[in-house]
Amino acid sequence: IYGDWNEIRDPQPHINNNNVTTSYTDSNYMHVRTWKYQNAEYAVVDCTNNWWGTTDPQEIGDLIYDWNDDSGSPIVDFRGFLDSAGGSTVPGTQIHAGALTGTDLTWTAVNSPYLVLGRPRVTSGTTLTIEPGTEILITTGSAGLNSLEVEGTLTAIGTTSNPIIFKSNNMTPT
């Protein structure tokens, strides 16, 4: 998906409810590749609710070349990935990469675990509050990036009986 560094021509495709799989065995082959968008950090290619041939978000991230790999590429939002072809959404609250905006964002224990896909960023002027007892699972993408970037405000105060847990979602944590 090519943007040609021109905001007017930056495509905004929606690729939903599909089987995005391949028989290629080349490890450099990408299922979705995006690049050369003018405002890449704020552009989102909607690839939600698809079956990617796996339920492992790290493997899915490895099949996508986007903002997590190159800041000139838009974000590919693959939240709501399915558990099989034509199947159901994998459980959990999935947070995609890119700008998290709004004045008041809250991650709650009841909606945990939160599966962080790529590099989400709390923008300036935005407050992210993480309630006690909330679990955040961070998945490493193809570029090895696994962070929650904060330019705004992060409020995360756990308790002894209800800690906030940040941990890797990868089979082999990095």
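Laid out as a table, the results:
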read-out: Cα→Cβ-extended label distance, 7 Å offset, between Ala85 and Glu149, nm; value: 3.8
read-out: At 0.890 mPa s and 25 °C, Stokes D of the range 44-97 from Kirkwood alpha-carbon radius, µm² per second; value: 216
read-out: Whole-percent carbon and sulfur share, accessible surface of the range 46-126, 1.4 Å; value: 45
read-out: Added length on full extension, which subtracts the Cα-Cα distance from 0.36 nm per residue, Thr106 to Ser168; value: 20.3 nm
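The values are calculated or read from the model by the stated rules, or taken from the named source; none is laboratory data. Source: prediction; values computed, not measured. Don't worry about glycine lacking a Cβ; one is built from the backbone with ideal geometry, like all the others, and counts go over all protein chains shown. These area figures cover heavy atoms from the full protein model, side chains too; ligands, DNA and RNA do not enter into them. Shrake-Rupley method; radii C 1.70, N 1.55, O 1.52, S 1.80 Å.
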